[in-house]
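K.L.:
Sharing a structure with you now.
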Amino acid sequence: MKSYAGILFFIVFFLCFGAKAQDVHFSSLNFNPMFSNPAMTGFMNAKVRVSTIFRNQWETVSKGYNTLLASVEIQPYLSSSSRRGLGMGLSFVNDVAGELSYGERDFSLSLAYFFALNRKKTAFLSLGTSVGRKSWGYDLSSASFNRTRTYDDNITFDELHTLDLSAGINFQYNISERNQFNLGFAVFNINESKLAYFETADETSKINRRFSVNTSYLVPLNERFSLRPQLLCNQQFRYNELVIGTDFVFDLTEAIFTQSVFSVGLYERNLESIVIAPKYKYDNFLAGLSYDVNISGLSKVSHTYGAIEFWISYAFSPFGVTYKNNKIPCPIF
């Protein structure tokens, strides 16, 4: 299985190669699995997980993009005997840019069903879906022009609302506690909602579907050190994004009942930026940041600054529920 997982990883890479997406995206891979793929909702070694991330991009060019994501996941049902469970999640995204703070505010509800594919509970398949309501608008208090907040020249200044339907599937194989393969596929904006500020806009004024593939392969090199190659590929209309790189994982655990792991990720996006992403995990608490070093033609204007992100995540099990303490990657049961 190890060789098959490695071969499949590189097949996905070459299928996505040549790629540069319209939807909100983050450089911190896997910081919030539910955001990357609704099939990963609630797939965790805990009953509850809360996460948040803040991203600032292109601040040196203009009043750039500022993105905030906050989410909570719960695991309402889990059966170790039948090796299956359910996950539910709620997330909020606020993504704005420019002097008028134009952007979207999105509330999404995600549901997932996951089950083991074998008796040893090492292989899992997850299926998930999400529905979101997006509000698109801007702050006109900073604007100055001869127009009222009505319709003029077929342009509306009202806030727009769209509905987003998404679905995904994910396969995870835990070869051992420190050897794991993961492959997921998701489709976002399935219904392609209309988004237009012109009354005369036609059916082409819509939010295009986004197809996303993500894969990772954790490989232990010795008792303390592991590598985790990762790939994320997004395709939306004529726009593409390819992020590929590796996490260098150091197991710092000393005590029997605690877990301490530090990692540094190094990724490349579309030959436009280099991403450096340190992360730290202590038991079920995770924190990290990422910094995009811009290497494109805009580097003279951006002074190599692309984006910076800060994120934290905490998972816990109230009501006395306990899980076996495993080293990463943690199996779901």
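Each reported figure results from applying straightforward, stated rules to the coordinates on display, with no laboratory input. The structure presented is a predicted model; accordingly, all values stated were derived computationally and were not measured. No Cβ is skipped: glycine too gets one built from the backbone with ideal geometry, and neighbour counts run over all protein chains shown.
K.L.:
With the calculation restricted to Cα positions, what are the radius of gyration and Dmax of region 76-127 in angstrom?
P.N.:
Cα only, region 76-127: 18.0, 56 Å (Rg, Dmax).
K.L.:
Please work out how much length the chain gains when fully extended from E268 to F285, using 0.36 nm per residue of separation minus the C-alpha to C-alpha distance, in nm with one decimal.
P.N.:
Additional length available on full extension: 3.5 nm.
K.L.:
When the Karplus curve 6.51 cos²θ - 1.76 cosθ + 1.60 is applied with θ = phi - 60°, which whole-Hz ³J(HN,Hα) does each residue of region 29-46 get, with x for Gly and Pro?
P.N.:
5, 6, 5, 9, x, 5, 5, 6, 7, x, 5, 8, 4, x, 7, 7, 8, 6
K.L.:
Now for a separate question. Under a 5 Å amide H to amide H cut-off, with H placed in plane at 1.01 Å, what residues pair with I295 once short-range neighbours are removed?
P.N.:
S273, I274
K.L.:
Based only on other Cβ atoms within 10 Å, what is the fewest-to-most ordering of E268, E159?
P.N.:
Ranking E268, E159 by Cβ neighbours within 10 Å, fewest first, gives E159, E268.
K.L.:
Could I ask something else about it? Using the basic label-point model (7 angstrom from Cα toward the beta carbon), what is the F107 to L227 distance in nanometres?
P.N.:
Once both label points are built, they end up 4.6 nm from each other.
K.L.:
Here is a follow-up. Counting other beta carbons within 10 Å of each residue's own, what order do V24, V275 fall into, fewest first?
P.N.:
V24, V275
K.L.:
Most exposed first by the Cβ proxy, i.e. fewest other Cβ within 10 Å, how do L266, L86 rank?
P.N.:
Going from sparsest to densest Cβ surroundings: L266, L86.
K.L.:
While we're on this one: Arranged from highest to lowest average of other beta-carbon atoms within 10 Å per residue, in what order do the peptides 100-109, 221-230 appear? Before the final figure, lay out each step's value.
P.N.:
Details: 100-109: 17.1, 221-230: 14.3.
Highest to lowest by the protection proxy: 100-109, 221-230.
K.L.:
Return the whole-Å distance between the Cα centroid of region 118-138 and the Cα centroid of region 202-262.
P.N.:
If you average the Cα positions of each part, the centres end up 16 Å apart.
K.L.:
If you don't mind, another one. Could you calculate the contour length gain from L100 to L68, that is, 0.36 nm times the residue separation minus the distance between their Cα atoms, to one decimal place in nm? Mind dumping the intermediate values first?
P.N.:
Numbers: separation 32, 0.36 × 32 = 11.52 nm, distance 1.70 nm.
Here the answer is 9.8 nm.
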